[in-house]
Amino acid sequence: MEEELIKLQTNVSSLIIACDDSDELENIRENFLGKNGDLTEAIKRIGKLPADERPEIGKLANEIKTTVEEMLQDKKKNLSGNATNTIKVDAIKKLDITLPGAKPPLGHLHLITQALEEITSIFEHIGFARVRHPEVEWDWYAFTSLNFPENHPARDDWETFFIKEGIHPKKGQMILTPHTSSGQVREMEKGVLPIKMLNIAKCYRRQSDVSHSPMFHQFEGLVVGENISITHLKGVLDYFVKSYFGPNRISRIRPYHFQFTEPSFEIDVSCGICNGKGCKLCKAGWLELGGAGMVHPNVLKAGNIDTKKYSGFAFGWGVERVLMMKEGLSLEDLRILYSNDMRFLEQF
Ligand SMILES: [Zn+2]
């Protein structure tokens, strides 16, 4: 019986090694381990052997069974691996290298960056130079030099981010600048006149709700020179409104109050939906754009500029606001601009 089993194992092993087809491998398995297979039949006969021979032969039969099962398993894996290789080779043979390739996904500039570039280009056409001034700023440039009194609410902890560690002996507390106007006196200090600057920067205020983000962008125009008047301001505003919003739009100025301009104005742009007639989206045909005005003499003095010889105007508006006005976007939550949600960003 022992010899018979060993002979069976030798036979089936050589059959498995030579096999190169998975159907044939399945036949080998059936003939050896199946219901009426050679090994199954042999095991049935073990029960008829003398009792003292049974354990030894039974153990051998089991070992052979396990070995053959492992061999079958390994061979099966080999054969299916070869099948995959064959498919790959076929695919390569059929590869048409003249077909266009699969393009990697391409992103685009963030919609705020797109707006910054467009706004910059519009002002550069009429001679404004884009400049950059610090976003981490001293109180002097953000408030005091701009004619803000000591007790102005903008200097409240609830409005502005103060940095406790930083105190300048003359320029005061270190802050995150709440507006691009902090670049005005810095620009004047350069001592180069006339000034035609466009300062675009991130600004920071202690606010976070559906219509406010703690970080946002402003663009600030400052013109200082001889004989600069409100007429120049009005001309620049009209030019921007037509260039950015469209040739049919017009601007208007309304009296207002700011610390650092005198006189001060709120700027409105005519509504693009109703063309100034009045609709649900606007206030009697107008939309609020932001603030502007003639530079306050105290601010010019803080920048060491001779107020008898020079005058100027300034305007500072939120980039997010003008962008939303242009696109007709009404965002449920403005903070989506900065939450990196691709479903939103891919639309622009
Ligand atoms: Zn309207």
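The values are calculated or read from the model by the stated rules, or taken from the named source; none is laboratory data. Please read these numbers as outputs of a predicted model, since none were measured by experiment. Every residue, glycine as well, gets a Cβ built from its backbone with ideal geometry; the counts of neighbours run over all protein chains shown.
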Response to the item:
All-but-one check, His217 against (1) crowded, with 22+ Cβ neighbours inside 10 Å; (2) of a type outside the set (Val, Ile, Thr); (3) more than 24 Å from Ile253 (Cβ to Cβ), failing number (3)
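Out of the residues in the range 277-323 that are within 16 Å of the ligand (Cβ to nearest atom) and charged (D, E, K, R), state the one that is nearest to the chain's Cα centre (by Cα).
Among those that are within 16 Å of the ligand (Cβ to nearest atom) and charged (D, E, K, R), it is Glu288.
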Worksheet item: Across the range 229-276, which residue is surrounded by the most Cβ atoms within 10 Å (Cβ to Cβ) among those that are part of a loop (DSSP other than H, G, I, E, B) and more than 16 Å from the ligand (Cβ to nearest atom)?
Response: Phe260
Worksheet entry | Count of residues meeting criterion [touching a helix residue (DSSP H, G or I) at 6+ places or on another chain (Cβ under 9 Å), surrounded by 12 or more Cβ atoms within 10 Å (Cβ to Cβ) and part of a loop (DSSP other than H, G, I, E, B)] in the range 149-178 | 5
Worksheet item: Quick check: is even one residue across the range 305-318 surrounded by 14 or more Cβ atoms within 10 Å (Cβ to Cβ) and more than 24 Å from Ser229 (Cβ to Cβ)?
Response: yes
Practice prompt. Exactly one condition in (1) in a helix (DSSP H, G or I); (2) touching a residue at least 60 places away in the same chain (Cβ under 8 Å); (3) closer than 27 Å to Asn151 by Cα; (4) not hydrophobic (A, V, I, L, M, F, W, C) is not met by Lys301; state its number.
Written response: (2)
Fill in: Selection from the range 131-148 of residues that are outside any helix (DSSP H, G or I) and without any contact (Cβ under 8 Å) to a residue 40 or more places away in the chain
Trp138, Phe143
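For every residue, the table says whether it meets (1) in contact (Cβ under 8 Å) with a residue 12 or more places away in the chain; (2) more than 20 Å from Phe162 (Cα to Cα); (3) of a type outside the set (Val, Ile, Thr).
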{"position": "Thr177", "(1), (2), (3)": "yes, no, no"}
{"position": "Ser182", "(1), (2), (3)": "yes, no, yes"}
{"position": "Ala201", "(1), (2), (3)": "yes, no, yes"}
{"position": "His217", "(1), (2), (3)": "yes, no, yes"}
{"position": "Gly221", "(1), (2), (3)": "yes, yes, yes"}
Discussion item. Being outside any helix (DSSP H, G or I), of a type in the set (Gly, Ala, Ser) and within 16 Å of Leu5 (Cα to Cα) is the filter here; which residues of the range 35-59 pass it?
Written reply: Gly37, Gly47
Worksheet item: Somewhere in the range 190-207, is a residue buried (at least 22 other Cβ atoms within 10 Å of the Cβ), aromatic (Phe, Trp, Tyr) and either more than 22 Å from Gly291 (Cα to Cα) or at pLDDT 90 or above (or both)?
Response: no
Worksheet item: Going by the conditions given, is Pro100 modelled with pLDDT of 85 or more, out of contact with any Cys (no Cβ under 7 Å at 6 or more places or on another chain) and not in a helix (DSSP H, G or I)?
Response: yes
